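Read through the structure below, which is laid out as structure tokens, and then see the notes.
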Amino acid sequence: MAFVPVNEPLLNGNEKKYLNECIDTKWISSEGPFVKQFEQQFAEQMGRKHGIAVCNGSVAIDVALAALKIGHGDEVILPSFTIISCAAAIVRAGATPVVVDCCPATWNMDVSQIEAKITDNTKAIMVVHIYGLPVDMQPLMELANKYGLYIIEDAAEMHGQTYNGAPCGSFGAISTFSFYPNKHLTTGEGGMVLTNDETLADRSRSLRNLCFQPQKRFVHLELGWNYRMTNMQAALGLAQLEQIDTFIARKRHMGEVYNRLLAEIPGLQLPVPKTDYATNIYWVYGIVLEDNVPFDAQEAMKRLAAHEIGTRPFFWPMHLQPVFQEMGLFDQVSCPISEKIARRGFYIPSGLALTDLQMQQVAHALQDVMR
Ligand SMILES: *Cc1c(COP(=O)(O)O)cnc(C)c1O
């Protein structure tokens, strides 16, 4: 049987048409008209006033931190169980990342652990919604209010998800998205910063564009980056955004199909379909091996590869990263849940182009592997 890749995007809408428009009009740089259109429509869809398109989701976090002027001496609280982009941006900004563990069922940051980590130096909480369910925002926002902390919301995995009916990416001072090909919407590479605050929006726009000044273009008051998105990326983004409702419906359908197919296989902890505040969007379909399974995720993934099934391991916790240990960060930190799911967790093919037949192939392979 043919190999089932872990991700393949769907590009069946107006992607080709809008890309051809870029070529025909010769608007290929960030100056092209699709960029503003994509920024406006994406911001509107996510319930925000301003959108600032950038070249990927990792640098969107750099821009968010710099826009908020977070730097030396500041601490930012974030989940240990996340992608390196979050902690790397904090460290590069000169600030200190402070991690909390995650919840065993949702794999999202354990909000009840945050208050104990707040000090006089804490400036922000970086919220990262993981895999398909949002972080429990209500108690987190109450904490942020009580202590006067910014919320930076990394919604890279949550386009189209809601928390108690409000769009993910609409919370806090500033939020960030990625449009990498495994995200719900893709521009190949790409990202977005969203905010309701005009000053933050202006700062983000300037920071993404080398902090050129409108009047004296080549005289700089601050250091920025060239993190601009091209018109071609925005063309893809617009075409993808037109399809967001069907994409989200498809993702939820895929999650339900997997839930049904995998329910009877012993030893697998499956994603939680629903919480009080959200229905799983299954950005990726994660699986954690239960304690009685005599092997780890690495072995399960090796066996699935032999069955022609592509997989990816779960994130490796920030406090266990050799690069950060070398810097003396996270001494004495322990996050037992993150450590466990990092060893025991992986995800199976979850891309939008995946067919129901391929999902059956994955389920059969898993059945074999777990026997
Ligand atoms: C994918 C992702 C990013 C990084 O986005 P890139 O576009 O790949 O740089 C950041 N945060 C989270 C939570 C992600 O899933």
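The values are calculated or read from the model by the stated rules, or taken from the named source; none is laboratory data. Computed from a prediction, not measured in an experiment: that's the story for all the values here. All Cβ positions, glycine included, derive from the backbone under ideal geometry; neighbour counts span all protein chains shown. To get the accessible areas, we keep the full protein, side chains included, count just its heavy atoms, and leave off ligands, DNA and RNA. Shrake-Rupley method; radii C 1.70, N 1.55, O 1.52, S 1.80 Å.
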Subset of the range 132-150 (residues that are open to solvent by 10 Å² or more (accessible area, probe 1.4 Å) and either more than 16 Å from residue 278 (Cβ to Cβ) or touching a strand residue (DSSP E or B) at 6+ places or on another chain (Cβ under 6 Å) (or both)): 142, 143, 145, 146, 147, 148, 149, 150
From the options 254, 192, 229, residue that is in a loop (DSSP other than H, G, I, E, B) and surrounded by 17 or more Cβ atoms within 10 Å (Cβ to Cβ): 229
Contacts under 6 angstrom Cβ, first residue in the range 113-135 being free of Cβ contacts under 8 Å to residues at least 24 places away in the same chain, partner open to solvent by less than 60 Å² (accessible area, probe 1.4 Å) and hydrophobic (A, V, I, L, M, F, W, C), 6 or more apart: 113/100
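Only one of these is in contact with a Leu (Cβ under 7 Å, 6 or more places away or on another chain) and under 23 Å from residue 4 (Cα atoms): 344, 303, 371. Name it.
Values: 303 fails: in contact with a Leu (Cβ under 7 Å, 6 or more places away or on another chain); 371 fails: in contact with a Leu (Cβ under 7 Å, 6 or more places away or on another chain).
Just one listed residue meets the conditions, 344.
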For residue 6: the one exception among (1) closer than 26 Å to residue 226 by Cα; (2) in a loop (DSSP other than H, G, I, E, B): (1)
Those residues of the range 273-332 which are of a type in the set (Phe, Trp, Tyr), more than 16 Å from the ligand (Cβ to nearest atom) and closer than 19 Å to residue 80 by Cβ, in sequence order: 324, 330
Residue within the range 3-22 that is closer than 30 Å to residue 340 by Cα, out of contact with any Cys (no Cβ under 7 Å at 6 or more places or on another chain) and of a type in the set (A, V, I, L, M) present: yes
